[in-house]
1. Can you work out ³J(HN,Hα) from phi for every residue in the range 212-225, in order, using Karplus 6.51 cos²θ - 1.76 cosθ + 1.60 and θ = phi - 60°, giving whole Hz and x for Gly and Pro?
2. Grab the DSSP H runs of the chain that are 4 residues or longer, score each as -39,500 (n - 2.57), total them, divide by all residues and round the 222 nm result to the nearest 500 deg cm²/dmol.
3. Taking the Cβ-Cβ separation of ASP6 and GLU192 as r and a Förster radius of 35 Å, what is the calculated FRET efficiency to the nearest 0.05?
4. Which aspartates and glutamates does LYS595 reach when only Cα atoms under 12 Å apart count, and residues fewer than 8 places away in its own chain are ignored?
5. Give me THR69, THR179, THR52 ranked fewest to most by other Cβ atoms within 10 Å of their Cβ, as a rough exposure proxy.
6. Among the listed pairs LYS62/LYS213; LYS146/LYS616; LYS20/LYS474; LYS165/LYS594; LYS515/LYS665, which have their C-alpha atoms separated by more than 20 angstrom in this model?
7. Provide Rg over Rh for the range 571-673; use the alpha carbon set for both Rg and the Kirkwood Rh (inverse mean inverse pair distance).
8. From the C-alpha gyration tensor of the chain, pull out the three semi-axes of the equivalent ellipsoid (sqrt of 5λ each), sorted largest to smallest, in whole Å.
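Only the coordinates and a few stated rules stand behind these numbers; no lab work does. These figures come from a predicted structure and were not determined experimentally. Cβ atoms come from the backbone with ideal geometry, glycine included; neighbour counts cover every protein chain shown.
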Amino acid sequence: MQKRNDPYYLTTAIAYASGKPHIGNTYEIVLADSIARFRRMQGYDVFFQTGTDEHGQKIENKALEAGVTPKEYVDTVAGEIRRIWDLMNTSYDKFIRTTDEDHELQIQKMFRKMYEQGDIYKSSYEGWYCTPDESFWTESQLVDGKCPECGRPVVKASEEAYFFKMSKYADRLIEHINTHPEFIQPVSRKNEMMNNFLLPGLQDLCVSRSSFKWGIPVDFDEGHVVYVWLDALSNYITGIGYNCGGESSEQYKKFWPADLHLIGKDIIRFHTIYWPIFLMSLGEPLPKQIFGHPWLLQADGKMSKSRGNVIYADDLVELFGVDAVRYFVLHEMPFENDGVISWELMVERMNSDLANTMGNLVNRTIAMSNKYFGGEVCDKGVKEAVDDDLKAVVTAAGPAVEKKMEQLRVADAITEIFTIFKRCNKYIDETEPWVLAKDPEKKDRLATVLYNLVEGITIGASLLEPFMPETTGKILAQLQTGKREYEQLDQFGLYPSGSHVTDKSEILFARMDLKEVMAKVEALQAAQAAAAGTEAAAETKAADEAAGSTEGTEAEPAEEIHIEMKEEINYDDFARCQFAVGEVMACEEVPKSKKLLCFQIKIGDQTRQIVSGIKKWYKPEEVIGKKVMVLLNLKPAKLAGLMSEGMLLSAEDAEGNVCLMTPEKDMPSGSGIC
């Protein structure tokens, strides 16, 4: 394993300063931090930037509701975001805010340059606007009359605005993507951008707004503010000293183009189409790679304040500790598909992986070293065949981790590290140190066994540092050794023979009782739901006052549904239908279908694929982890080329709205419905 000394520039998407980030938002900064720390371990000269996106109509509205200025509002939220980033022990080098004066100045200069060279022109816009996404859409782009990105309502908007000629650079961008296969990762994200946006032809992009004031002013046209995406995306260069029309800083010359933009898959279009085109307009190089990571989803459905099921990093840390949370979000997130988080799964990982596989290994090794040799660790050179396999596994882990990290497969890299700890546990079972201790003639063999364990743990802990830095420090402190140098991580036997471990081991991770944890979670969720209710009531009152009334109105009774009876059946007809509870393990949209979702449903000891026409009412991420009711013995059929092996039961109201039927209580998958 070879050290590097090249510059390495890594960024996250800057967090939108509209509210406290939940654990799904926090995952990205932890992921980026693990990559940055690993690159530093490799010897790279790393610059790691994150920050906050602080302009736009949504923030202006939020500030108005809170009775403060937009700047006061974003100051508070940005402080909260930074507090959580720091809580998660992330090692960013710069936290940029789009309200920073130097950033705002460069945005104005960039906008003027683009306008003067003819890339931006003034016109008017009439279309549909999604405030949460800060996006304009045409009628044809809407999905069921709602935003195609987030599915939320849109409003009709008409205003004077400036537009960027996206088509001017489209062919050049297509060529760049085709000649740089590493530019957009994973490959599925590249295909989506090419097929859905670039190849059909780009529309000109609205890059200013005149219907609100909270934004960077266009300095040559009073009343216009720079559209959020031109403002926000440019932080990647303004944060390291880019100077439009002047001499950029030495830092900019050193680190640009960025090695990696790490972003969520929901904003891949803005980063792989708009941002590269803006850079082409400025005459600057494009970033080397843009990675659109998947989402971390709540197991029992979409996170909602009103439901009290939003999971925040600080709540997780209070229960499990920083490194346990870091381990979970990194280890449970696949490379390309969405990951799932739940309190139950956290407890399971805490007990099995952290407390047992790793924590108990360290505890046992130190305890045996103290019990049998007074803490002294010596390599007596008494080898057996089993040692060779242990050493082979330990020394192979470093190169395997390096390969996975080059591919940004962080979860797989952690799995490779834990092969060391698992192999060490197996080695204890194979060598049985407690049996060796009973035979004085086996004393040197016992010493060698314990030395091999300490060395294996040292290498494993050193590799673990980018992912669980506090835990690495605690393990190495107990072994009374330093972190192994990167180029030495594939070498076995460097722990100084004759060294001593601490005389008492520290419990790294204590096993947790699920019932106790869930009791705390229930109290937490109740408080969260109550706070959400108070907040909603305040917003409703503010809306009523804005409309000139504080009086509530009684809701009209819902229209009763008239039921058209079908032909009667007898019990034997009903008994032929087999119903059961299933659990949604995966769900994705069916390509080229406006109605269909494809589910993978676990039903007892089997998994079935079921295609259902409920895309209008559910997003794939909302249903993962749900318990649903399934008709099992419906004859399989092909829908849109996919085999469907059953039917999901749902309810439909008078307006045609559909809701999946779910059991009232948490029943195991496979439970019969009668």
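1. Coupling constants for the range 212-225: 8, 10, 7, x, 7, x, 6, 6, 10, 8, 4, x, 9, 10 Hz.
2. Estimated from H runs of four or more residues: -12500 deg cm²/dmol.
3. Approximately 0.70, to the nearest 0.05.
4. Straight-line reach from LYS595, under 12 Å: ASP144.
5. So the residues, fewest neighbours to most, are THR179, THR69, THR52.
6. Over 20 Å apart, Cα to Cα: LYS20/LYS474; LYS165/LYS594.
7. Taking Rg over the Kirkwood Rh, I get 0.95.
8. They are 47, 37, 24 Å, listed from largest to smallest.
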